[in-house]
Number of protein chains: 2
Amino acid sequence: MMQALGRQILVEFYQCNYDAISNADVVAQYMLEACQKANATIVTHTFHEFSPHGVSGAVIIAESHVAIHTWPEYNYAAVDIFTCGETISPWVIYKHLEECFESGHASSMELKRGLFDMGEKKLLFKPENTPKINSAVVK
Amino acid sequence: MMQALGRQILVEFYQCNYDAISNADVVAQYMLEACQKANATIVTHTFHEFSPHGVSGAVIIAESHVAIHTWPEYNYAAVDIFTCGETISPWVIYKHLEECFESGHASSMELKRGLFDMGEKKLLFKPENTPKINSAVVK
C-alpha cells in the first residue's frame, strides 16, 4: 500500500491587506501564532524584510515547515505548509493566516510527499520510541 | 496574459546516501553550495538535526527559498525550490543536490505561483529600481 511521509499545502493568498503582509515582525508573529494554534512544535525560524517591500521567511517545526513569501505591492502571499504525522493539521495554519492577512481570495492545493510502498507495514514519519528533539541549530 | 510571480520545483529524492542527508552541517553545506552555484543571493538560513535522525532546514534567498526535510532512515529527502525572476535557475540547485545526495531515483514537478492577469504590462517580481536588500533579520 502506498503511504506518504508528509503532506504539503500550497496556498495562494490574493487580495491581502497590505499592512498585514509587509512587515517582517508582523508576518513572523502571524506565522508563529498559526503554528502554535495547530499545536506544532516550533524549532527555529527566520524572517527577512526586503526593501522597499516584501517578506520572506520560514518556520521549521518538528512536523516539518511553513514558508512564506509576500508581495505587498500585489497584495499577494505564497504560503507552503509541509506537515508530517497525524498530530497536527496544516489547515489550522492555513485558516489562521487567511484571517490575519484578510485574504479576499485564496486558492490551495494539497499534495503528498515521500511516497513509499510499505506493504502491510506502517510508514512512520519518525521512529516511535525517539520523539526527542536535538536542540542544536546550525548557523 | 497570465503571468506568474514565482516558480517552484517540488523534488522527491529517493535512494539517497544515508551519510549525505543525516548531518545538519553537511546538508546545510550542500544547500548553500547549490544556491551559490545558481548565483542566488543568500539572505539567511537555518538547519536543524533531529534525534535520532533527520534534518530540516531552509535557505532564504533574495529570489525566494530552498527548503529541505530528510529521512535518512528511508534514504529520502523532500526538497522545495522556490524562485522568482529570471536571474537564477532552480534546476541548477536541483542538479547539485541530486549529485551530493547520490540520489538513485528522483522525481520532480514544477509549478507556477502567484498568477496574475496583467494584460500587456509586465509582472515584476521586485520593483525594477529598488533591488536593495534590507539586512534586518527577525529572530
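The values are calculated or read from the model by the stated rules, or taken from the named source; none is laboratory data. Keep in mind that this is a model prediction, so the values were computed, not measured. Every residue, glycine as well, gets a Cβ built from its backbone with ideal geometry; the counts of neighbours run over all protein chains shown.
Descriptive notes on the structure:
- Residue within region B:112-135 that is facing chain A (nearest Cβ under 7 Å), over 30 Å from A:L123 (Cβ atoms) and at pLDDT 85 or above present: yes
- Hey, B:A67 on the phi < 0 side of the Ramachandran plot and more than 8 Å from chain A (Cβ to nearest Cβ) or not: no
For every residue, the table says whether it meets (1) at pLDDT 95 or above; (2) out of contact with any Lys or Arg (no Cβ under 9 Å at 6 or more places or on another chain).
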| residue | (1), (2) |
| --- | --- |
| A:M2 | no, no |
| A:I9 | yes, yes |
| A:Y18 | yes, yes |
| A:A24 | yes, yes |
| A:L32 | yes, yes |
| A:T44 | no, yes |
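- Any chance A:I42 is in contact (Cβ under 8 Å) with a residue 12 or more places away in the chain, over 18 Å from B:T46 (Cα atoms) and within 16 Å of the chain's Cα centre (by Cα): no
- Hey, B:T87 outside any helix (DSSP H, G or I) and surrounded by 23 or more Cβ atoms within 10 Å (Cβ to Cβ) or not: no
- Matching residues in region A:26-39 - criterion: being without any contact (Cβ under 8 Å) to a residue 60 or more places away in the chain, more than 7 Å from chain B (Cβ to nearest Cβ) and either buried (at least 21 other Cβ atoms within 10 Å of the Cβ) or touching a Gly at 6+ places or on another chain (Cβ under 7 Å) (or both): A:V27, A:C35, A:A38
- Those residues of region A:70-84 which are more than 8 Å from chain B (Cβ to nearest Cβ), within 8 Å of the chain's Cα centre (by Cα) and of a type outside the set (A, V, I, L, M), in sequence order: A:T83
- Which numbered condition B:N23 fails, given (1) touching a Phe, Trp or Tyr at 6+ places or on another chain (Cβ under 9 Å); (2) within 10 Å of chain A (Cβ to nearest Cβ): (1)
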